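K.L.:
Provided herewith is a single structure, encoded as structure tokens, for subsequent inquiry.
The values are calculated or read from the model by the stated rules, or taken from the named source; none is laboratory data. All values derive from a computational prediction rather than experimental measurement. Using ideal geometry, Cβ is built from the backbone for each residue, glycine included, and neighbour counts are taken over all protein chains shown.
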């Protein structure tokens, strides 16, 4: 009886002038095939195929939409294509960087002794020999790892008390006073200090106080704390702010002093957020190169004393191995060590980021009252 | 009365001790806060003190032999060029990515995708530098040849293109990758704060998604986008490693695809470790110039944010 109903429904006034829901897939398939065909003419590569197909897809979809749906809908389709395209473009460098580091870094990191030896005594002749005779690449990042860990640890020891106390001042004592507003403003400004300027400040400070040419791990730690303190302040401040006021008031009502309230009620409630913020701050400064470069010098040997003598670190190790290869005529072994160190550094940073997320999740205050 | 005064009841004694604790604690918090102001002031002070010898030294003693001003202005210009390239590339992409995460991506995926973009910020700058020098420069060199052949009439694309690809344009591209997550994360937060009613009103009037974004989201987010871009600019101006490793530096040149140009941060990083005597002071003076420039940029950005505090991107 109603045999014609489905046919008429398809061409109903509501769906008239709209692209069918399968339209993007059809255009995508056509664009991929056409893109492959065009690329086959000029020499095929995956990157070019992706770019050409994306362009064809955008043009095809917008043109079809313009013919069927009109200019407004076509413009909307174009905007969608551009926005999605922007996201894909942003992913390219991420994938490319991680791929480059993995491909170049794995040979370095699986060399025996890479993590356990320093560059002490490794000279250009060894590198030349490893290139010419194929012996294994000597030298490693042990001294740089020691330096990175010590410098970062010292920077954390300096920054966390200062940063946390400042956050406590801002949230618990500041009450929108001019001083609190000034501190907030300048903490924000401090987040923007170029890392090299922080390094120069530490260098200039120690040159003036201790003596010209003072370069130790401790100077680098001071430079890193200048970068780290504002990050710790910002994140701790946010975390202290979201502690419910009822908790503080309940504590005051029991006659507990303000400082005991802060220590026993406010901070324990916010500790997960504070700890994860500190971990993220460590992750941020552990990869800083420029401030260490101008404050700790370069060392090729193990230096366990953060207060005396030049010190190596992973970022500066990468930098010097690339820029001044151990053997200028055969830079390949140095490159291999640099990429290995880069892989170690990225793994460290990613682990710290992961740890921050885990800390935030595991130590989060129990919900529900 | 007298009896009450004499009794050392537990309330009064503990109050005395507690008051001291309060004083110590609030004093410590205040000191920490002031220490931060002192550090920022100290950064400026020590840079100025160590830079003065470079300002007052006879012109012939400064590197280049023409005085400090002649030494600094080409690298200031180089810094601005590199930062400008980075912003021109990064801003549209970053706004697109922010819009994608806030208004286009499926709701369940959005936070995960935001985390992926934040990973870009987690990669250390020296790794970007190494990537730019070893991978990007090599891959992009043919494109520079093409630019030199076909667009060479433009001064910025004047040939012959660098064979290694280690040019200021490559450095700018690497910088743009590094500032992208900053601009993205700030813009994203502002886009998410667009009043839902504005968006729904636009959609109810029959606007397409793009028209809704153009009419409701972008006008609302404009001050936030501006300050995000300014913060990105601050980062791009001060970034060292990407330029130090990628750029094969030289004198100031108009062409972006030849080797040449230099930025302040890279100049310091490349020369400071071996510097001595007046050269140290000159480099610290260069650092002071960089500090003043970035400070000004950041202060303007923060000022814009605080002026529109209700949709501050800072929190």
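K.L.:
Looking only at region B:244-262, decide whether some residue is assigned to a helix (DSSP H, G or I), more than 10 Å from chain A (Cβ to nearest Cβ), over 14 Å from the mean Cα position of the chain (by Cα) and touching a residue at least 60 places away in the same chain (Cβ under 8 Å). Write out each step before concluding.
P.N.:
We begin by selecting, within region B:244-262, every residue assigned to a helix (DSSP H, G or I); these are B:244-246.
Imposing the further condition that a residue be more than 10 Å from chain A (Cβ to nearest Cβ) reduces the set to B:246.
Subset that is over 14 Å from the mean Cα position of the chain (by Cα): B:246.
Applying the additional criterion that residues be touching a residue at least 60 places away in the same chain (Cβ under 8 Å) yields B:246.
Yes - at least one qualifying residue is present in region B:244-262.
K.L.:
Take residue A:302 and tell me if it is part of a helix (DSSP H, G or I), touching a residue at least 24 places away in the same chain (Cβ under 8 Å) and away from chain B (no Cβ under 14 Å).
P.N.:
Working: part of a helix (DSSP H, G or I): no; touching a residue at least 24 places away in the same chain (Cβ under 8 Å): yes; away from chain B (no Cβ under 14 Å): yes.
No; evaluated as a whole, the condition is false for this residue.
K.L.:
Over 17 Å from residue A:152 (Cβ atoms) and either in the same structural domain as residue A:200 (by TED's automatic domain parsing) or outside any helix (DSSP H, G or I) (or both): which single residue out of A:277, A:340 fits that description?
P.N.:
Numbers: A:277 fails: over 17 Å from residue A:152 (Cβ atoms).
Every option except A:340 fails the conditions.
K.L.:
Write out, first by first residue and then by second, each pair whose Cβ atoms fall under 7 Å of each other, whose residues are 6+ apart or on separate chains, and whose first residue, in region B:280-294, is more than 8 Å from chain A (Cβ to nearest Cβ) while the second is surrounded by fewer than 24 Cβ atoms within 10 Å (Cβ to Cβ) and not in a helix (DSSP H, G or I).
P.N.:
Qualifying pairs under 7 Å: B:282/B:62; B:282/B:63.
K.L.:
Would you mind stating whether residue B:88 is surrounded by fewer than 21 Cβ atoms within 10 Å (Cβ to Cβ), more than 11 Å from every other protein chain (Cβ to nearest Cβ) and assigned to a helix (DSSP H, G or I)?
P.N.:
Values: surrounded by fewer than 21 Cβ atoms within 10 Å (Cβ to Cβ): yes; more than 11 Å from every other protein chain (Cβ to nearest Cβ): yes; assigned to a helix (DSSP H, G or I): yes.
Against the criterion (surrounded by fewer than 21 Cβ atoms within 10 Å (Cβ to Cβ), more than 11 Å from every other protein chain (Cβ to nearest Cβ) and assigned to a helix (DSSP H, G or I)), residue B:88 qualifies.
K.L.:
Tell me which residues, restricted to region A:18-59, are over 30 Å from residue B:208 (Cβ atoms) and in a helix (DSSP H, G or I).
P.N.:
A:36, A:37, A:38, A:39, A:40, A:41, A:42, A:46, A:47, A:48, A:49
K.L.:
Within region A:92-110, is there a residue that is assigned to a loop (DSSP other than H, G, I, E, B), over 30 Å from residue B:207 (Cα atoms) and free of Cβ contacts under 8 Å to residues at least 60 places away in the same chain? Show your work before the answer.
P.N.:
At the first step, the residues of region A:92-110 found to be assigned to a loop (DSSP other than H, G, I, E, B) are A:110.
Among the residues that remain, those that are also over 30 Å from residue B:207 (Cα atoms) are: A:110.
Now narrow it down to the ones that are free of Cβ contacts under 8 Å to residues at least 60 places away in the same chain: A:110.
Yes; the residues of region A:92-110 include at least one that is assigned to a loop (DSSP other than H, G, I, E, B), over 30 Å from residue B:207 (Cα atoms) and free of Cβ contacts under 8 Å to residues at least 60 places away in the same chain.
K.L.:
Of the numbered conditions (1) in contact (Cβ under 8 Å) with a residue 24 or more places away in the chain; (2) under 30 Å from residue B:264 (Cβ atoms); (3) facing chain A (nearest Cβ under 10 Å), residue B:99 fails exactly one; give the number of that condition.
P.N.:
For residue B:99, the failing item is (2).
K.L.:
Restrict the check to region A:229-243 and report whether at least one residue is farther than 22 Å from residue B:306 by Cβ, outside any helix (DSSP H, G or I) and touching a helix residue (DSSP H, G or I) at 6+ places or on another chain (Cβ under 8 Å). Full working, then the answer.
P.N.:
At the first step, the residues of region A:229-243 found to be farther than 22 Å from residue B:306 by Cβ are A:243.
Now narrow it down to the ones that are outside any helix (DSSP H, G or I): A:243.
Those still in the list that are touching a helix residue (DSSP H, G or I) at 6+ places or on another chain (Cβ under 8 Å) too: A:243.
Yes, that holds for at least one residue.
K.L.:
Continuing with this model, one more query. So which residues in region A:181-213 are more than 7 Å from chain B (Cβ to nearest Cβ), more than 23 Å from residue B:230 (Cα to Cα) and surrounded by fewer than 18 Cβ atoms within 10 Å (Cβ to Cβ), if there are any at all?
P.N.:
A:209, A:210, A:211, A:212, A:213
K.L.:
Of the residues A:312, A:356, which single one is buried (at least 20 other Cβ atoms within 10 Å of the Cβ) and not in a helix (DSSP H, G or I)?
P.N.:
Values: A:356 fails: not in a helix (DSSP H, G or I).
Being buried (at least 20 other Cβ atoms within 10 Å of the Cβ) and not in a helix (DSSP H, G or I) holds for just one of A:312, A:356, which is A:312.
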